[in-house]
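The values are calculated or read from the model by the stated rules, or taken from the named source; none is laboratory data. Being a predicted model, the structure only gives us computed values, none of them experimental. Cβ atoms come from the backbone with ideal geometry, glycine included; neighbour counts cover every protein chain shown.
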Amino acid sequence: MKLPVVVIGGKSPYTSTGGYASYARNIAKIISATGHPVHLLTFADIKKIEKRDIATIHFIKSRWLNHLPLIRNIELAALPLYSYFFFKELIAIFRSYKNNRIIIWGIGPWGLSGALLKIVYGKKVVLISSYFTTFLHEMRGSLLAARIRDYGISTKLKYLFVYYIIARIYSFLSTLVISMSEKIVTHYKSTEEILKSESQINTNKFIRMRYFVEVFKKEIRTPVSKRMQKAFDSRKPIVTSICRQDPRKGINYLLHALVLVKKQIDCECLIIGAGILRDANKRLARKLQLSSVIFPGAVADIHTILRKSSVYVLPTVEEGSSALSVIEAMSQATPIVSTDCDGIPEDIKHEYSGLLVPPHNSILLAQAIVRLLKDKQLAMKLGSNAKKTYDEKFELLGMKQDVEHLLQSL
């Protein structure tokens, strides 16, 4: 019998729109196809165990944690507490296999509970860690993007505290996880460089793995936005952005860019996704008199929206790697405007499969959006090339082969 593998990715891969959750689902599905028993740990409102097509899903009850003020605003602040509950579940899974060897595949900071299990059971636990960015790098981006003019002094002070206090603690915990990991899986050169700059890592631990992103519909029940439907019915150009709305995604820069875009082209804008700054971004849009900007929240079927969109824009100032939403836009041949930060240029080649501008620059962002809205032939060419790149780079077989090779080597 092949060794059991436990994947830890934080949020539910069926209801969350985040990158970690989607990656957890994809990696669990690939491992399951190799014949290994797979368990997937995620936090939820109620505790239950559910057998799904890709894995046995362990939902860990954590509703009360979300009522703590700091955790409600910055979810990863709960990492040590979540990890304790994940650790308890890992012990139960480990014992169910009669204390034989087990593989823990932690995604980003969620590998902490796997490191705790390894401390207790030693060589019987094999720890693999997948990384896309680090909490320190992520919070640095949020701190820089949380401008006082857009979000006020309280938001700026919060991210100053998180970056200089909380992120330093997490950096220590991340170093612990990395030091105890047999292998560190990355998919982008930019991620490796960030990890090397923050931690003393044995380079032999790194595995650069091919990447697969499955396009699937989330199990999210949300009412159809009448304003969004009206925007599509208007036949005006649609500018779409999909992301978790925290400072590092740069939605404030997009809103300032749209002020300039609207002076030249009458268009609609969809900013899709939940997040701690959604209400603040709505207030900023009203302040800038952008009545055509719609904030529908989380949406289950984003791919239909992407196909209907004229341009996809991600004004991110920090990713660590690339961005799931950029890859999804590539899969739908949607023309892309983004920034040249971190791993985005590893997926999007400027002037070939999209347009890239420097982060924090609303003027150049606006110029790129206007250029694609006016030049439909260029937009179509960039979208077609992005789809071609997606088909060549993000394919299931390559990642499955890399995962199989890794598991066989352990």
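Here are some notes:
- Filter result for Glu328 (of a type in the set (D, E, K, R), touching a Ser or Thr at 6+ places or on another chain (Cβ under 9 Å), more than 21 Å from Leu258 (Cα to Cα) and surrounded by 23 or more Cβ atoms within 10 Å (Cβ to Cβ)): no
- Flag if Thr240 is among the hydroxyl-bearing types (Ser, Thr, Tyr), touching a Phe, Trp or Tyr at 6+ places or on another chain (Cβ under 9 Å) and either farther than 27 Å from Pro345 by Cβ or buried (at least 16 other Cβ atoms within 10 Å of the Cβ) (or both): yes
- Lone unmet requirement of (1) over 16 Å from the mean Cα position of the chain (by Cα); (2) under 29 Å from Thr186 (Cβ atoms) for Phe212: (1)
- Considering segment 300-388, the qualifying helices (runs of 4 or more DSSP H), each wholly inside and each with 2 or more residues that are farther than 20 Å from Lys236 by Cβ and more than 20 Å from the chain's Cα centre (by Cα), run over 362-374.
- Scanning segment 115-124 turns up one or more residues that are under 22 Å from Gly320 (Cβ atoms) and surrounded by 15 or more Cβ atoms within 10 Å (Cβ to Cβ).
- The residues listed here are Val185, Val177; of these, the one that is under 15 Å from Ile107 (Cα atoms), at pLDDT 95 or above and under 21 Å from the mean Cα position of the chain (by Cα) is Val185.
- Check on Lys376, free of Cβ contacts under 8 Å to residues at least 12 places away in the same chain and either over 25 Å from Thr186 (Cα atoms) or not assigned by TED's automatic domain parsing to the domain that holds Leu136 (or both): yes
- For segment 23-49, a residue qualifies if it is more than 13 Å from Ile103 (Cβ to Cβ) and β-branched (Val, Ile, Thr), and the qualifying residues are Ile30, Thr42, Ile46, Ile49.
- Checked against the criterion of being among the charged types (D, E, K, R), within 30 Å of Glu395 (Cβ to Cβ) and at pLDDT below 90, segment 194-214 has at least one qualifying residue.
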